[in-house]
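First comes the structure, then the notes that go with it.
Bear in mind that the values in this text are calculations on the coordinates, not laboratory data. All of these numbers come straight from a predicted model, not from anything done at the bench. Neighbour counts are summed over all protein chains in view; Cβ atoms, including those assigned to glycine, are modelled from backbone coordinates with ideal geometry.
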């Protein structure tokens, strides 16, 4: 619908973004908008059906987990904080990126190192330089 120049609202209604020059063109665009809206609603209904089907399968598959216990004293349940509900359907964007590992911790302050730790760190730096020189074919002396 968007590629054809229509806006799809949150309630799945379709509106034309273009102005028609003739009545015939306007009637054709209106018919196209109605057809697209019907198709979108049908697909949304199918999606809801699939969602219910998947939810039922998940509930069936995880039912045996209801008997698993950890032998800990129960915690008194707390009431959830009510969230105001807007009766108008809403669409929310989804971030489909993966979170990466957290950054490596910063190395300790060299002033706080023992002599053995400082020597090991110095040897590690020299080993990194040697690996770099071997890979690049250039000699780099520190």
Gained length - residue 97 relative to residue 68, 0.36 nm times residue gap less alpha-carbon distance:
7.2 nm
With a cut-off of 8 Å between alpha carbons and a minimum separation of six or more residues, what is the relative contact order of region 1-66 in percent?
22 percent
In whole Å, largest first, the alpha carbons of region 1-96 cover along the principal axes 75, 29, 25
For the peptides 68-75, 29-36, what is the packing order when you average, over each peptide's residues, the other Cβ atoms within 10 Å and list the highest mean first?
29-36, 68-75
Extension gain, residue 46 back to residue 109 (0.36 nm per residue minus Cα-Cα distance, nm):
16.7 nm
Obtain the nm distance between the two label points defined at residue 20 and residue 117 by a simple spin-label model: each point lies 7 Å from its Cα along the Cα-to-C-beta direction.
7.7 nm
